[in-house]
Structure formats: C-alpha cells, structure tokens
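Student: Encoded as structure tokens, here's the structure I'll be asking about.
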Amino acid sequence: MEKNILSFAIFGFIGAILLAVFAGSIADNIAYQNNPLVITGESLDISSARIANGNPSINASQYLSLAKSDWVTNSVVVTMTNGSALTADTDYYVNYTNHKINFSNTTTMFNMPVNTTAVAYQNYESDYIQDGTARTINGLVILFFIIGGILFVYDQARRQLDV
C-alpha cells in the first residue's frame, strides 16, 4: 500500500506540472486570438503632410499610414512627441476603413515644433477571431482543458492505488 501512495504522489505531481505547462501555453495562444494587439510608441513622420516650400501648414489631403493596418475602431491616439495630446476629429481624422490618418490644418498642427508624432493604437492580428461567439467558446477551451487534465491525473493516480 505504501508503494501505491508513493506512486499516486509522483504521478499526481508530474501530471500537475505537465498540466500547468500546457495550460499556460494554450491560455497564451487563446488570449492572442481573443484580444487585439496594443501598439504604443509608434512614431509617424508628418513632414510629407506639410505643404512644400518650408510652409508649416498641413496639406489636409495627405494621408499617412501606420505599420499595422487592421485597426480597432476608435483606438488610434496621436500625440506630439513631448506627450501633448492632439485632438481626434479636430487635429487629425482617422479613416478606419482605409486605415489612413488625415491631419488637419489647425493652429495646433501649424505651431507644432517637430515633424514627428507618437501613435498608440490597437490592431487585429491575423489570428484574431472576429466572431464574438467564437471568441467566447474559444475562451472556454482552456477551462475544459484544465478540468479534463485534472480528471485524467486523478483517474490515473486512483488506478495506481487500486493496483
């Protein structure tokens, strides 16, 4: 009987370690599929949006793009590099359909001392699951995996005691 209890403890411990390792990996993958990627600190050079010949005005017809192109609606925030906020729908407009930023010829933009802005936004990666119901079900996968793993370890350890 003492050997069976030792086998139970060893099998249970090894099973718990394996379950924790695999559950963590699966949970990370599911979180990546269920949540958009948050991108901060991307810089955007607006010098091409300024009217030529040294005029600091903004050419409102100039559109600029970011590194990623599947933006979460209402997630794009543009600031000056010193951290001062620019006002959405006043200093700049974001076209979420075409994934472009259009700067406006406002006093803030005219007086901006540098040609670089900082941009933060959320982006849907290629693995992102668009359907909300599918994301919910996908989130339950880790729960069912953990419950199944615990039941499997328990069953195998119990069998060791019955031997």
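The values are calculated or read from the model by the stated rules, or taken from the named source; none is laboratory data. Keep in mind the model is a prediction, meaning the values are calculated, not measured. All Cβ positions, glycine included, derive from the backbone under ideal geometry; neighbour counts span all protein chains shown.
Student: So I46 passes all but one of these: (1) at pLDDT below 75; (2) within 28 Å of the chain's Cα centre (by Cα). Which condition number does it fail?
Tutor: Every listed condition holds for I46 apart from (1).
Student: Any idea which of Q130, Q122 is at pLDDT 80 or above and within 30 Å of I26 (Cβ to Cβ)?
Tutor: Answer to the check: Q122.
Student: To continue, here is another question. Given the criterion under 20 Å from the mean Cα position of the chain (by Cα) and closer than 30 Å to S47 by Cβ, identify the matching residue among Y128, Y92, Y121.
Tutor: Criteria check complete, one pass: Y121.
Student: Still on this model: Considering every residue within region 127-138, establish whether at least one is exposed (fewer than 15 other Cβ atoms within 10 Å of the Cβ) and in contact with a strand residue (DSSP E or B) (Cβ under 8 Å, 6 or more places away or on another chain).
Tutor: No, the conditions are met nowhere in region 127-138.
Matching residues to (1) in a helix (DSSP H, G or I); (2) among the small types (G, A, S); (3) in contact with a Ser or Thr (Cβ under 7 Å, 6 or more places away or on another chain); (4) touching a residue at least 40 places away in the same chain (Cβ under 8 Å):
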| residue | (1), (2), (3), (4) |
| --- | --- |
| L66 | no, no, no, yes |
| S75 | no, yes, no, yes |
| T90 | no, no, yes, no |
| N98 | no, no, no, no |
| V114 | no, no, yes, no |
| Q130 | no, no, no, no |
| T136 | yes, no, no, no |
| D155 | yes, no, no, no |
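Student: Looking at I142, I58, I150 in this structure, which one is surrounded by 12 or more Cβ atoms within 10 Å (Cβ to Cβ), farther than 17 Å from G41 by Cα and touching a Lys or Arg at 6+ places or on another chain (Cβ under 8 Å)?
Tutor: After applying the criteria, what remains is I58.
Student: Can you tell me which residue is nearest to K68 (Cα to Cα) among those in region 114-126 that are surrounded by 12 or more Cβ atoms within 10 Å (Cβ to Cβ) and polar (S, T, N, Q)?
Tutor: Result: N123.
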